[in-house]
Amino acid sequence: MTYKETLNWMFQQLPMYQQKGAEALKNKLDNILYFSEVLGNPHQKFKSIHVAGTNGKGSCSHMLASILQEAGYKVGLYTSPHLKDFRERIKINGKTIGKDNVKNFIKTHRTFLESNELSFFEMTVGMAFHFFAEEKVDIAVVEVGLGGRLDSTNIIVPEVSLITNIGLDHTQILGGTLEKIALEKAGIIKRNVPVVISERQSETEGIFKLIAAQKKSEIVFTDELPAKTYKTDLLGNYQQKNIQGVVASIKKLKNLKVEDAHIKAGLKRCVDNTGLLGRWQILGKKPKIICDTAHNKEGLSLVLEQIGKLEPRQIHFVLGFVNDKALDDVLCLFPKNAEYYFVKPNVPRGLQAKDLKGRARNFGLMGEISTSVKKGLEKALSNAKDDDLIYVGGSTFVVAEVV
């Protein structure tokens with residue numbers, strides 16, 4: 001198979017959460033453990049940092065990788081989902097896995113993958129860990145896909161675990177309360193492995209402390225540490241919260257030497273070092289066009305707060321969501337005095353634009369339907385003046401169509 005045919009096989013034959021939603025999840029680790037055994041247990045051949053949380057885990061993973069690269073280490077980075085190309089998920093020192101690596105891995109293991117009905121995510125985790133072991137990385141930064149406890153990445157025993165924050169997202173899978181979701185995320189806490197919590201929340205603090213005590217793991221809440229401000233090339237005021245957890249995690253690494261100069265350089269060169277896309281990314285200046293992958297109540301609250309501080313003459317929102325999103329919780333956050341262009345992200349889970357327009361009307365958000373994200377952005381550009389702001393977002397998959 002060609003690279004494109006290989007991807008089509010991976011995407012179409014096997015359920016993928018980003019495409020299909022909850023039906024794609026296996027909710028057990030048997031398959032990935034079996035597959036890892038077949039691969040020679042690659043996850044046991046490199047050091048790692050494990051990153052979970054509702055918001056910020058992608059940014060934190062890229063920051064960690066960038067800092068470790070600046071310290072001179074060969075760093076694997078596993079994240080999800082991808083925006084443009086599948087290979088974004090698996091990188092070493094900012095360089096994506098080769099197309100031949102993807103093709104050959106699937107070709108070699110296709111019979112096993114088919115006969116054992118591995119999910120898209122399980123096979124991708126296996127591919128990443130195999131690649132990192134083969135390339136002999138010094139350390140890998142591994143982002144949880146969903147939840148933590150039963151996520152396919154949760155077979156590693158890291159040097160440190162980082163949990164960014166807990167919000168109400170994917171509630172149909174992880175549970176409908178912060179406490180239930182925290183319990184799932186706390187599943188990445190390993191025995192005698194320190195865990196860093198970026199945001200202390202009254203509803204979840206006790207759960208994290210309990211699990212850490214059971215596992216005899218040191219727990220660090222970043223609000224207990226001396227506050228220090230660092231500059232980063234990742235735009236968005238919300239990144240300051242992420243930085244505190246990243247720095248605390250770096251300082252918990254025992255067998256790797258990372259100095260403050262590496263931390264400063266890594267945070268300033270995160271985009272260059274890792275190729276991160278879609279975080280308060282500026283696509284144009286007159287008018288200013290910004291896209292961001294924030295897609296739940298907590299993430300969008302921070303983004304909208306920052307948009308408000310920019311005080312543009314008029315705001316144009318090119319907005320789309322997936323169909324399993326708790327829409328009422330997010331639509332109520334948006335300003336009524338803005339122009340809206342409702343779109344459907346080009347994935348099966350995408351919410352129809354006409355349905356979004358109807359739901360938005362209930363919150364006083366008025367606008368028009370566009371047949372694609374690109375058309376929505378074109379319409380916004382045709383209506384916007386130089387001192388206006390255009391924001392593209394609501395879903396990772398909306399952003400993927402414009403970066």
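Data table
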item	result
Odd one out for VAL157, checked against (1) touching a Lys or Arg at 6+ places or on another chain (Cβ under 7 Å); (2) modelled with pLDDT of 95 or more; (3) open to solvent by less than 10 Å² (accessible area, probe 1.4 Å)	(3)
Only listed residue being within 21 Å of the chain's Cα centre (by Cα) and open to solvent by 50 Å² or more (accessible area, probe 1.4 Å), chosen from ILE282, ILE290	ILE282
Matching residues, region 72-99, being more than 26 Å from VAL347 (Cα to Cα) and either touching a residue at least 40 places away in the same chain (Cβ under 8 Å) or in a loop (DSSP other than H, G, I, E, B) (or both)	GLY72, TYR73, LYS74, VAL75, GLY76, ILE92, ASN93, GLY94
Residue that is nearest to GLY350 (Cα to Cα), among those in region 381-400 that are assigned to a loop (DSSP other than H, G, I, E, B), at pLDDT 95 or above and open to solvent by 10 Å² or more (accessible area, probe 1.4 Å)	ALA384
Qualifying position, being modelled with pLDDT of 55 or more, among the charged types (D, E, K, R) and surrounded by 14 or more Cβ atoms within 10 Å (Cβ to Cβ), among LYS28, LYS20, LYS47	LYS47
Residue, most open to solvent (accessible area, probe 1.4 Å), within region 110-125, restricted to residues that are part of a helix (DSSP H, G or I) and farther than 25 Å from LYS84 by Cα	THR111
Evaluation of ASN273 against (1) at pLDDT 95 or above; (2) over 27 Å from VAL399 (Cβ atoms) (one fails), failing number	(2)
Some residue of region 345-355 being open to solvent by 20 Å² or more (accessible area, probe 1.4 Å) and touching a helix residue (DSSP H, G or I) at 6+ places or on another chain (Cβ under 6 Å)	yes
Scope region 58-76; condition within 24 Å of ASN237 (Cβ to Cβ) and either touching a helix residue (DSSP H, G or I) at 6+ places or on another chain (Cβ under 8 Å) or open to solvent by 30 Å² or more (accessible area, probe 1.4 Å) (or both); matching residues	SER59, CYS60, HIS62, MET63, LEU64, ALA65, SER66, ILE67, GLU70
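The values are calculated or read from the model by the stated rules, or taken from the named source; none is laboratory data. In this text, all values refer to a predicted model and were calculated from it rather than measured experimentally. No Cβ is skipped: glycine too gets one built from the backbone with ideal geometry, and neighbour counts run over all protein chains shown. Remember, those area values only see protein heavy atoms, side chains included, never the ligands or the DNA or RNA. Shrake-Rupley method; radii C 1.70, N 1.55, O 1.52, S 1.80 Å.
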